[in-house]
Amino acid sequence: MTDEAAETVAGPVYLRVGSALLNGDGVEADPKKALVAFQRAELFLYDMVAGGDAMYKKSLQAAIDGQLKARAMLAEALPDREWTAD
C-alpha cells in the first residue's frame with residue numbers, strides 16, 4: 001500500500017481487522033493484536049477526521065471503543081487483578 005492510499009484506506013481497514021481479531025471473526029481471537037489494530041486505526045482515522053472528513057467520526061469512536069474492549073479482555077486474563085481499577 002502506498003502512503004497516499006493509506007491516507008484514505010488504512011483507518012477503516014485496521015478498524016475491521018481489529019474487530020475481527022477481538023471477536024474471532026474468521027481468525028482466532030487475539031485481544032493484544034486487536035488492541036494494536038485499533039490503535040493504528042485511531043491514528044489514521046484521527047487524521048481523516050482532522051482533515052475534514054467528518055463521515056469517519058463514528059469510525060474513530062469505534063476504534064477508541066474497541067481499544068477499551070480489548071484492554072478489558074486483557075485485564076480479565078491477568079491472574080492477579082488487585083492492581084486494576086474496576
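Side notes on the structure shown:
- Test: MET48 is assigned to a loop (DSSP other than H, G, I, E, B) and among the aliphatic types (A, V, I, L, M): no
- A single member of MET55, MET48, MET1 is modelled with pLDDT of 95 or more and loosely packed, with under 11 Cβ neighbours inside 10 Å, and it is MET55.
- Hey, GLN67 out of contact with any Phe, Trp or Tyr (no Cβ under 8 Å at 6 or more places or on another chain), surrounded by 13 or more Cβ atoms within 10 Å (Cβ to Cβ) and modelled with pLDDT of 95 or more or not: no
- Selected residue (criterion: surrounded by the most Cβ atoms within 10 Å (Cβ to Cβ)) from residues of segment 21-31 that are on the phi < 0 side of the Ramachandran plot and in contact with a helix residue (DSSP H, G or I) (Cβ under 8 Å, 6 or more places away or on another chain): LEU21
- Within segment 4-32, residues that are in contact (Cβ under 8 Å) with a residue 24 or more places away in the chain and part of a helix (DSSP H, G or I) reach partners that are surrounded by 13 or more Cβ atoms within 10 Å (Cβ to Cβ) and of a type in the set (Phe, Trp, Tyr) with beta carbons closer than 6 Å, at six or more positions or on different chains, in the pairs ALA10/PHE44; GLY11/PHE44; GLY18/PHE38.
- When segment 32-44 is filtered for residues that are over 10 Å from the mean Cα position of the chain (by Cα) and crowded, with 17+ Cβ neighbours inside 10 Å, only PHE44 remains.
The values are calculated or read from the model by the stated rules, or taken from the named source; none is laboratory data. Only a predicted model underlies this, so the values are computations on that prediction, with no experimental measurement involved. Positions of Cβ are generated from backbone atoms using ideal geometry, with glycine treated the same way; all protein chains shown enter the neighbour counts.
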